[in-house]
Amino acid sequence: MKWRILAGLVLAGIAAAFALHARDRVFWGRYLALLGSPAFELSPEHYAPRERIAGREEPRPPAVTPEEESLERAALEAAADYAGAHGSRALIVSRGGHIVFERYWQGTGFDTVVDARELAATLTALAVGIAIGEGRIRSLDEPVASFLTEWRDDARGAITVRQLLNMSSGLAPSSETLLPWSDGVRERLGSDIAAVHLRRPLAGTPGETWAYKRSDPQLLALILERATGMRFAEYLSDRLWRRLGAADAEVWIDRPAGYAHATCCLLARQGDWIRLGQALADDGVYLAGELLPPGWVRRMREPAPGFAGFGMQVWLGASVSETDAGKNPMLGRAAEPFAADDAFFLAATGGHRLWVVPSLRIAILRTGGGAPARSDWDETRIPNLVIRAARDHVPEPAPGSGIDPAQFVPGH
């Protein structure tokens, strides 16, 4: 009986909300599609309207054998076996600008378009670095009130660009209920998502309180539009996507000429993400062209206040530790730390991973569905197999071994 009463109250609330917002047919169409979808997730056909991120489709990165880039083939095959056993669609390994290994499943290939999901959020950090290099944003410590005029007379206006990048803004995370009036649903499905994010209250101290949330990168996208005078998709296209030689991509916007979803729903060829990974591995340089200001990737890897497992819209090694894994809502456990201290990665629900190892100039892309939710998924298994496959990889000495790294790395 209690369940019937509760269900009746929920239905009554939904009916009231529908009556209140009946004119927002776009929202209700998306909401009903969400309720009718598996696992309550929209599929890409519901990402409408979309805005084009114009690319400049160039030939695939050159391919060489693993041996030509000093990688042990057997270890890469073992990584592929693990990926294939865990529902992957693709595993691509790049080193020094060359594709050295690739394996595909489920009928996909390099050119298959995938929903990047949360991988897209890292593009805001890259675009901010470019905008700072151009002088459009003065510094990482510029208050957001310089661009978000709605917050000029508000305590939230003192939040800095750096704090948004680090997810340490102190803004409250959105609710994760499926009720139609919740802020979490409205910022995913609404036709004015900028307004929803601008209503986000403070729940902690900026620069001290860390929490994973959609609002921080979404507000960065809005800041980029106001700082550059360009559409978010246009700026990404001109400053990043075309220069990578990637094919056209598309981003979901909340309404015609509206606001881009910067934390999900970017449709692009899966192979084009390995181009981005290689640029991150090479300090923002790709095909001899400088995409990012020198040193920007290193700054992205500096730990955020309040959580050593996150940098500037990238995940760091501490995020897969036993104590900190719970702070990352999309990661599984790791049997061991990363085999390279400088390894970092992009992660998305649904299992997408882009691991980057600057010291070895290696990027590793895994796309696929759902594996991190499995109890037997190991977050560091694939990257560590590839890292240890490098013949020039210098293993970290065991604690208390007395081995001096300077014996192996001059100038260490």
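The values are calculated or read from the model by the stated rules, or taken from the named source; none is laboratory data. The shown structure was predicted, so the numbers you read here are calculated from the model rather than taken from an experiment. Every residue, glycine among them, receives a Cβ derived from its backbone with ideal geometry; neighbour counts consider all protein chains shown.
Restricting attention to region 216-235, and to residues there that are part of a helix (DSSP H, G or I) and either at pLDDT below 95 or among the aliphatic types (A, V, I, L, M) (or both), which single residue is farthest from G170 (Cα to Cα)?
Restricting to residues being part of a helix (DSSP H, G or I) and either at pLDDT below 95 or among the aliphatic types (A, V, I, L, M) (or both), the top hit is A233.
Applying the selection to region 236-273, what residues are among the aliphatic types (A, V, I, L, M), outside any helix (DSSP H, G or I) and over 13 Å from L119 (Cβ atoms)?
Once the filter is applied, which keeps residues that are among the aliphatic types (A, V, I, L, M), outside any helix (DSSP H, G or I) and over 13 Å from L119 (Cβ atoms), region 236-273 yields L244, A246, A247, I253, A257, A260.
I'm told L276 meets every condition in (1) surrounded by 18 or more Cβ atoms within 10 Å (Cβ to Cβ); (2) part of a loop (DSSP other than H, G, I, E, B) except one. Can you identify the failing condition by its number?
Here L276 meets the rest and fails (2).
Is it the case that region 318-339 has a residue that's among the aromatic types (F, W, Y), under 27 Å from E51 (Cβ atoms) and buried (at least 18 other Cβ atoms within 10 Å of the Cβ)?
Checked against the condition, which is being among the aromatic types (F, W, Y), under 27 Å from E51 (Cβ atoms) and buried (at least 18 other Cβ atoms within 10 Å of the Cβ), region 318-339 yields no hits at all.
For region 119-135, how many residues are closer than 16 Å to F147 by Cα and of a type in the set (S, T, Y)?
The number of residues fulfilling the criteria is 1.
Wholly within region 109-196, which helices (runs of 4 or more DSSP H) include no fewer than the required count, namely at least 2 residues that are in contact with a Ser or Thr (Cβ under 8 Å, 6 or more places away or on another chain) and of a type in the set (G, A, S)?
Where helices (runs of 4 or more DSSP H) fall fully within region 109-196 and carry at least 2 residues being in contact with a Ser or Thr (Cβ under 8 Å, 6 or more places away or on another chain) and of a type in the set (G, A, S), they are 121-133.
Determine the pairs where a residue that is among the basic types (K, R), located within region 293-312, has a partner that is surrounded by fewer than 17 Cβ atoms within 10 Å (Cβ to Cβ) and in a loop (DSSP other than H, G, I, E, B) with Cβ atoms under 8 Å apart, the partner being 6 or more residues away or on another chain.
Filtered contacts from region 293-312: R301/D342.
Within region 371-397, restricting attention to residues that are hydrophobic (A, V, I, L, M, F, W, C), at pLDDT below 90 and part of a helix (DSSP H, G or I), which residue is surrounded by the most Cβ atoms within 10 Å (Cβ to Cβ)?
So the residue we want is A371.
Going by what's in this entry, would E77 be described as assigned to a helix (DSSP H, G or I), out of contact with any Lys or Arg (no Cβ under 9 Å at 6 or more places or on another chain) and more than 30 Å from F232 (Cα to Cα)?
Judged against the criteria, E77 is not a match.
Please determine whether any residue of region 279-301 is at positive phi, surrounded by 21 or more Cβ atoms within 10 Å (Cβ to Cβ) and at pLDDT 95 or above.
Yes, region 279-301 contains a residue that is at positive phi, surrounded by 21 or more Cβ atoms within 10 Å (Cβ to Cβ) and at pLDDT 95 or above.
Looking at G157, G87, G107, which one is in contact (Cβ under 8 Å) with a residue 24 or more places away in the chain and not hydrophobic (A, V, I, L, M, F, W, C)?
Sole residue among the options that is in contact (Cβ under 8 Å) with a residue 24 or more places away in the chain and not hydrophobic (A, V, I, L, M, F, W, C): G87.
Kindly indicate whether E187 is out of contact with any Cys (no Cβ under 6 Å at 6 or more places or on another chain) and surrounded by fewer than 21 Cβ atoms within 10 Å (Cβ to Cβ).
no
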